[in-house]
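For reference, the structure is listed below as structure tokens.
Every read-out reported here was derived from the displayed coordinates using simple, explicitly stated rules and does not represent laboratory data. As the structure is a computational prediction, the values presented were derived from the model and not from experiment. Glycine gets a Cβ as well: all are built from the backbone with ideal geometry, and neighbour counts include every protein chain shown.
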Amino acid sequence: MTETAFPAGATARRPQISFEFFPPKTADMEAGLWQTIQRLAPLCPSFVSVTYGAGGSTRERTHATITRILAETDLLPAAHLTCVGAGRGEIDDVISHYHQAGVRHIVALRGDPAGGPGTPYAAHPDGYRSSAELVAGIKRLHPDIEVSVSAYPEKHPESRDFDADIDGLKAKVDAGASRAITQFFFDNDLYWRYLDRVRARGIDIPIVPGILPVQNFKQARGFAGRAGASLPDWLADKFEGLDDDPETRKLVAATVAAGQVQNLAKHGVDAFHFYTMNRADLVFAISHLLGLRPSAQQAA
Ligand code: FAD
């Protein structure tokens, strides 16, 4: 590891945190998400992001969640948006709709192939062909929208090699992206090696580590398989025998994720993006261990 996650000149400060949510499918899930938002909002995240799916109903759920965050909280929402299954006109309408609603931050992604991860990707015939094109489209329509993009410490599974992967990141930065959020990883060396490669390529935007607190090891293994992220043996060992012991699992999960973020923070990382899975408990505990305390003014 030779560099910090932030450009030279950045000074030590309170860690910046951001939280990722997925749009709820049912009334019960929506109630759960709002409890989570109320618990986490006082930690003053720099933004909260809401993921986006390919089908029409999942898109509407993203819009509805973003709209409610804007209406009922002081949080700054970042709407995820993908190129999948829609022409440019339709995507441009979504961007402008968000802008009109007050959204000033989009997480721009290509999205997964319609057949799921591992199947060949085919761009929509009239659509944005890549995430870099989508970033450029957003910036052309609304230059005041901040654009974040993805980054892959273990390279994207479809990338030929790391050079090709970092070419993709460079194209997104050249198109106007000002932050990258990483796929989750559990071995911090993967992040440092990736950061070295990115900085060597002259990319100087923040590369914010994406942290997945392991609520459920089997589920994390499924996510990792689909995302091309590795699960180290030491992690499997720590969760061994805990399938039916949620209380111990939670303590272990908090210890593992807190160790990971504290190690990153010790080496200069000062921003973290948490994949919350719409649950507050672990993320709140880990943020506390990072030194963050709730502020009464920021309650949702
Ligand atoms: P891209 O950056 O578009 O890269 C995809 C592939 O194309 C890579 O192999 C890359 O190397 C290659 N590539 C692209 N441009 C170039 C170039 N110019 N030169 C060389 N190679 C290039 N999915 C959703 O459906 N909804 C979400 O809300 C969502 N949120 C996400 C948030 C984060 C932080 C992350 C890390 C992922 C998210 N995903 C989401 C998953 C993502 O959509 C998939 O991983 C998808 O397969 C790739 O989209 P991308 O924008 O991440 O990748």
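Residues whose amide H falls under 5 Å from that of ASN278, counting only those 5 or more places apart or on a different chain, are PHE22, with hydrogens built in the peptide plane.
Of the residues HIS156, PRO120, THR82, the one whose Cα sits farthest towards the positive end of the charge dipole of the chain is THR82 (charges of +1 on Lys and Arg Cβ, -1 on Asp and Glu Cβ, taken about the Cα centre). Taking Cα centre as origin and charging only the Cβ of basic (Lys, Arg, +1) and acidic (Asp, Glu, -1) residues, the dipole magnitude of the stretch 16-299 rounds to 320 debye.
Centre-to-centre separation between the Cα atoms of the stretch 214-243 and those of the stretch 118-160: 28 Å.
The alpha-carbon atoms of the chain define a convex hull whose volume equals 136 cubic angstrom per residue. Karplus-derived 3J(HN,Hα) values for the stretch 18-23, using 6.51 cos²θ - 1.76 cosθ + 1.60 with θ = phi - 60°, are 9, 10, 10, 10, 10, x Hz; glycine and proline are entered as x. Checking the a/c ratio against 1.5 first, then a/b against b/c, what shape does the Cα gyration tensor give for the stretch 18-68? Oblate. Cross-linked pairs LYS139/LYS266; LYS218/LYS238; LYS25/LYS155; LYS170/LYS218: Cα-Cα separations exceed 23 Å for LYS139/LYS266; LYS25/LYS155; LYS170/LYS218.
Working ranking of peptides 200-207, 25-32 by packing, defined as the average number of other Cβ atoms within 10 Å per residue, highest first, is 200-207, 25-32.
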